[in-house]
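First the structure, in the form of structure tokens, and then the observations on it.
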Amino acid sequence: PQQPFQPPGHGSPQPPPQKRPFDGALFPPEAILSNQEHLGVTEEQKKKIIAEMDKVKSEIDGFQKEIEKEKKEFDKILQKTSINEAAALSQEEKLFAVEKKIKGLHLKLLIRIKNVLTAEQIDKLKR
């Protein structure tokens, strides 16, 4: 007999999580700051990392408003009885463009943080 449709995560096994291209090469600031003693993070390094985090956070906060606006607009389009496909796809692109900017900011933050660390600190983070 044919099995009823089940959305992913409802009884079907999940594939293993995909490894991101930079796993093991870039490190979240939380991992560095929570292990700063073990890593030997200097006060100057800590200040630089926090400054970069603050800078990116303020940029992301600006994009959050834009994302909310685009999501509301997308929702309006999808709630209609008859959906204008071109309008929905266009709105999706707008939403994805903002999300891509945010992901770019996260990547920029991870790169800048890694560039603050010494080779020895990076080696310790990889372990």
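The values are calculated or read from the model by the stated rules, or taken from the named source; none is laboratory data. Because the structure is predicted, anything quoted here is derived from the model rather than measured. With ideal geometry, Cβ positions are generated from the backbone for all residues, glycine too; neighbour counts draw on all protein chains shown. Only protein heavy atoms, including side chains, enter the accessible area calculation; ligands, DNA and RNA are left aside. Shrake-Rupley method; radii C 1.70, N 1.55, O 1.52, S 1.80 Å.
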Worksheet item: Could you say whether any residue in the stretch 74-85 is modelled with pLDDT of 95 or more, in contact with a helix residue (DSSP H, G or I) (Cβ under 7 Å, 6 or more places away or on another chain) and outside any helix (DSSP H, G or I)?
Response: yes
Worksheet item: Out of all the residues in the stretch 114-122, is one or more touching a strand residue (DSSP E or B) at 6+ places or on another chain (Cβ under 8 Å), under 24 Å from Leu26 (Cα atoms) and in contact (Cβ under 8 Å) with a residue 40 or more places away in the chain?
Response: yes
Worksheet entry | Residue list for the stretch 29-42, restricted to those being within 19 Å of the chain's Cα centre (by Cα) and surrounded by 14 or more Cβ atoms within 10 Å (Cβ to Cβ) | Pro29, Ile32, Leu33
Item to complete: Go through the stretch 43-58 and count every residue that is open to solvent by less than 70 Å² (accessible area, probe 1.4 Å) and either in contact (Cβ under 8 Å) with a residue 40 or more places away in the chain or not in a helix (DSSP H, G or I) (or both).
Response: 5
Worksheet, complete the sentence: From the option list Glu70, Glu93, single residue qualifying as crowded, with 16+ Cβ neighbours inside 10 Å and farther than 22 Å from Ala25 by Cα is Glu70
Practice prompt. Report, by residue number, each residue of the stretch 73-87 that is surrounded by 14 or more Cβ atoms within 10 Å (Cβ to Cβ) and either of a type in the set (A, V, I, L, M) or in contact (Cβ under 8 Å) with a residue 40 or more places away in the chain (or both).
Written response: Ile77, Ala87
